[in-house]
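Here is the structure we will look at.
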There are 2 protein chains.
Amino acid sequence: MAKPGKPVLYSYFRSSCSWRVRIALALKGIDYDTAPVNLIKDGGQQFSDEFQALNPMKQVPALKIDGMTIGQSLAIIEYLEETRPTPRLLPQDPKKRALVRMISDLIAGGIQPLQNLSVLRQVEEQQRLAWAQKAISSGFNALEAILRGTAGKYCVGDEVTMADLCLVPQVANADSPVMKPHALPQDGHRWADRLSHRRVSIALLSAGVAGGREAEDSAPEPPLPPRLASCALCPLPSQPPHPPQLRA
Amino acid sequence: MAKPGKPVLYSYFRSSCSWRVRIALALKGIDYDTAPVNLIKDGGQQFSDEFQALNPMKQVPALKIDGMTIGQSLAIIEYLEETRPTPRLLPQDPKKRALVRMISDLIAGGIQPLQNLSVLRQVEEQQRLAWAQKAISSGFNALEAILRGTAGKYCVGDEVTMADLCLVPQVANADSPVMKPHALPQDGHRWADRLSHRRVSIALLSAGVAGGREAEDSAPEPPLPPRLASCALCPLPSQPPHPPQLRA
């Protein structure tokens, strides 16, 4: 049971959009309860009357907080930023904020919606892989060109921002054993690869945000993609262990 | 030729995402030049090297402003809001801002990307209409439930916000002669219908924002959908004439 007043995150451990919000909550040190919504079990728990009443979009994440329920991951993160500003996830400079939002929107509106479960279900089975690869590949090609101009240690400059919260789960999707190597070729995507797999992952892992796996879910954990264990592109010598939850 | 310092909007008159930004620029009274990017002519002008160098996402809109180029319509609108705050397009109350962003993200990330030209081209021709109708219909079903709780005169309360800037072009897409009546049934979507077609349209038309049609484009103008000429749901007695540009 959620304590009164404690935020409740409706989340699925494999949902990259939920993962963005889990990172934000963790980095800002916000204590919350998780209400798991399994997008596969029972024909999809997001379609239950109970959940639809809460979030008509029938999607995770949704965050119950401060007496309201907010859907859409970026809207949630912006709300957290405005009401719990420390540490900040948007830079102070409006131009840098624009870059952060551009990258976030590119991932959240231009890549993820085209390769998520509900869309792939509408594509003929033989075409699904090619469809998802195309969405991911063309999105990452654009991202590469942008990151080349914006990145420092992180996507925009040297601070972790909302853009990194979007990039990390999206690279994990692109880097799944099924998608690889077509969606994220070895010879490209150096920025996304470096930023996500090392610098950002390390920051986020050390903030303890790779967790959040819902207890109820009993799906077998897929093996870690090899790239997470060894990355030829990245010069960083050491790497913390990647818990299985990193694949969420 | 753009004057130095004057913002340049890379835009296509049929692009609903460009339309959102045209409304924002008009409401804020920002003088700008339009650089038309025809998504159909010449195999798609967004694929030219020149445009890709400017916007690796190969999408409109993109706004050249204050020495930078911003892509993604909502990132552009947020930047305009932070640097040209009058009149505001986000409410002052953080909770209302969250609702505005949730609705905006639902449209910009949950409906539009699934029914735009580049995605429909990947769907087999016989399936395209059904695909687009499904995306629009399920999105508007969610929107209806949300607007019922948030709307006053406009999507959130009684002020025009970014959410309205997203709703108006999306309803125009849903209301095209091809999509109708399947995507936006007569017996539903009362809120979206009312808000978009009358209250918001009137406000936005009177702000002179229905224009913006790029001079270069010579595609024949489709006929206005009948609903724009007469709307049974709406009690407002008078209606300004709809110029052809309303279909942009």
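The values are calculated or read from the model by the stated rules, or taken from the named source; none is laboratory data. Computed from a prediction, not measured in an experiment: that's the story for all the values here. Every residue, glycine as well, gets a Cβ built from its backbone with ideal geometry; the counts of neighbours run over all protein chains shown.
What do you reckon, is B:GLY109 crowded, with 16+ Cβ neighbours inside 10 Å and modelled with pLDDT under 95? Yes, satisfied. Of all the criteria given as (1) on the phi > 0 side of the Ramachandran plot; (2) more than 14 Å from chain A (Cβ to nearest Cβ); (3) at pLDDT 90 or above, the one not satisfied by B:ASP42 is (3).
Contact annotation: residue pairs with Cβ atoms under 8 Å, 6 or more positions apart or on different chains, pairing a residue in the stretch A:48-61 that is on the phi < 0 side of the Ramachandran plot with a partner that is at pLDDT below 90 and among the hydroxyl-bearing types (Ser, Thr, Tyr), are A:VAL60/A:TYR12; A:VAL60/A:SER15; A:PRO61/A:SER15. Checked against the criteria, A:ALA215 counts as surrounded by fewer than 17 Cβ atoms within 10 Å (Cβ to Cβ) and modelled with pLDDT under 75. B:ASP42 fulfils the conditions (1) under 18 Å from the mean Cα position of the chain (by Cα); (2) part of a helix (DSSP H, G or I); (3) over 25 Å from B:ALA163 (Cα atoms) except for a single criterion, (1). The residues of the stretch A:145-154 that are more than 8 Å from chain B (Cβ to nearest Cβ) and either in a helix (DSSP H, G or I) or touching a helix residue (DSSP H, G or I) at 6+ places or on another chain (Cβ under 7 Å) (or both), listed by number, are A:LEU147, A:ARG148, A:GLY149, A:THR150, A:ALA151, A:LYS153, A:TYR154. A count restricted to the stretch B:72-82 and to residues that are of a type outside the set (Phe, Trp, Tyr), under 12 Å from B:LEU25 (Cα atoms) and within 7 Å of chain A (Cβ to nearest Cβ) stands at 1.
Quick one: which of A:ARG128, A:ARG101 is in a helix (DSSP H, G or I), within 22 Å of B:LYS96 (Cβ to Cβ) and in the same structural domain as A:ALA163 (by TED's automatic domain parsing)?
A:ARG101
Out of A:ALA26, A:ALA35, A:ALA75, one residue alone is modelled with pLDDT under 90 and of a type outside the set (Val, Ile, Thr). It is A:ALA26.
The sole residue among B:THR69, B:THR86 that is in a loop (DSSP other than H, G, I, E, B), more than 17 Å from B:ASP105 (Cα to Cα) and more than 7 Å from chain A (Cβ to nearest Cβ) is B:THR86. Of all residues in the stretch A:45-66, those satisfying the criterion of being more than 15 Å from A:SER118 (Cβ to Cβ) and assigned to a helix (DSSP H, G or I) are A:ASP49, A:GLU50, A:ALA53, A:LEU54. Among the residues of the stretch B:116-124, is any among the β-branched types (Val, Ile, Thr), free of Cβ contacts under 8 Å to residues at least 60 places away in the same chain and facing chain A (nearest Cβ under 10 Å)? The answer is yes; a qualifying residue exists.
For the stretch A:45-66, which positions are more than 9 Å from every other protein chain (Cβ to nearest Cβ), small (Gly, Ala, Ser) and more than 19 Å from the chain's Cα centre (by Cα)? Matches in the stretch A:45-66: A:SER48 only.
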